[in-house]
1. Note down all Cβ pairs under 8 Å where the first residue falls in region 30-56 and is basic (Lys, Arg) and surrounded by 14 or more Cβ atoms within 10 Å (Cβ to Cβ), the second is at pLDDT 75 or above and not in a loop (DSSP other than H, G, I, E, B), and they're at least six residues apart or on different chains.
2. Consider residue 97 against the criteria (1) part of a loop (DSSP other than H, G, I, E, B); (2) among the polar types (S, T, N, Q); (3) at pLDDT 95 or above: it satisfies all of them except one. Which criterion is unmet?
3. Any residue in region 128-147 that is under 10 Å from residue 111 (Cβ atoms) sitting within a Cβ distance under 6 Å of a residue that is open to solvent by 70 Å² or more (accessible area, probe 1.4 Å) and hydrophobic (A, V, I, L, M, F, W, C)? List the pairs, counting only those 6 or more apart or interchain.
4. Of all residues in region 101-119, which are assigned to a helix (DSSP H, G or I), surrounded by 15 or more Cβ atoms within 10 Å (Cβ to Cβ) and not aromatic (Phe, Trp, Tyr)?
5. Specify which of the listed residues (80, 147) is open to solvent by 30 Å² or more (accessible area, probe 1.4 Å) and either aromatic (Phe, Trp, Tyr) or in a helix (DSSP H, G or I) (or both).
6. Hey, residue 2 hits all of (1) loosely packed, with under 11 Cβ neighbours inside 10 Å; (2) within 22 Å of the chain's Cα centre (by Cα); (3) acidic (Asp, Glu) but one; which does it fall short on?
7. Name the residues in region 67-77 that are open to solvent by less than 50 Å² (accessible area, probe 1.4 Å) and on the phi > 0 side of the Ramachandran plot, would you?
8. Tally up the residues in region 38-62 that are more than 21 Å from residue 113 (Cα to Cα), touching a helix residue (DSSP H, G or I) at 6+ places or on another chain (Cβ under 9 Å) and not acidic (Asp, Glu), please.
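The values are calculated or read from the model by the stated rules, or taken from the named source; none is laboratory data. Just so it is clear, the model here is predicted, and its values are computed rather than measured. Glycine also receives a Cβ, built like all others from the backbone with ideal geometry; neighbour counts cover every protein chain displayed. Quick note on the areas: whole protein, heavy atoms, side chains included, nothing else; ligands and nucleic acids left out. Shrake-Rupley method; radii C 1.70, N 1.55, O 1.52, S 1.80 Å.
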Amino acid sequence: MDYQVEILQEKHDDFTNFLNAKIRDYNNEHSLYHQESRQKGSIRPLNLIVTDNEQQWIGGITAEVYWGWVEINKFWFSKDYRGKGIGGQLLDTAEKTAKEMGSTRALLTTYEFQARTFYEQRGYQVVGEIKDYPPGSSYYTMVKLLD
């Protein structure tokens with residue numbers, strides 16, 4: 001055999017970086033969109049930060065805009081502020097801002113025990129589901145056309 005397999009059960013940053021670079025090179029070679037996304041400024045951050053009267057963070061959204069999409073990465077609110085309509089307003093603001101930045105679609109993921117219903121009520125549709133991840137729950141990929 002002209003190769004060998006080493007099994008490690010610990011983190012290996014150098015190897016992870018090696019694989020990331022090789023996958024990035026492959027994607028750049030086969031996808032103009034991936035290649036363009038590597039250019040400085042092509043992936044634009046979008047952060048909506050909500051503070052209380054004491055200027056303490058109580059929630060918000062982090063997202064990225066690229067390829068005509070907004071990808072919502074994190075969305076959270078302090079328990080004391082949930083159920084008051086703030087989340088819906090914030091999501092509307094994120095979508096409106098993303099549209100102004102050139103987005104025509106939105107993408108996010110959520111667990112069954114998180115906010116699937118919240119997103120569905122706002123026009124998001126499930127396009128993928130991984131059942132029993134984590135055990136006893138599901139993990140969803142959801143998208144929405146921004147009109």
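1. Pairs found: 44/64; 44/65; 44/66.
2. (1)
3. 137/113; 139/130
4. 116
5. Values: 147 fails: either aromatic (Phe, Trp, Tyr) or in a helix (DSSP H, G or I) (or both).
It is 80.
6. Among (1) loosely packed, with under 11 Cβ neighbours inside 10 Å; (2) within 22 Å of the chain's Cα centre (by Cα); (3) acidic (Asp, Glu), the lone unmet condition for residue 2 is (2).
7. 68
8. Kept after step one, since they are more than 21 Å from residue 113 (Cα to Cα), are these residues of region 38-62: 38-57.
Retained after the next criterion (residues that are touching a helix residue (DSSP H, G or I) at 6+ places or on another chain (Cβ under 9 Å)): 38, 42-43, 46, 48, 50, 52.
Keeping just the survivors that are not acidic (Asp, Glu) gives 38, 42-43, 46, 48, 50.
Residues meeting the conditions: 6.
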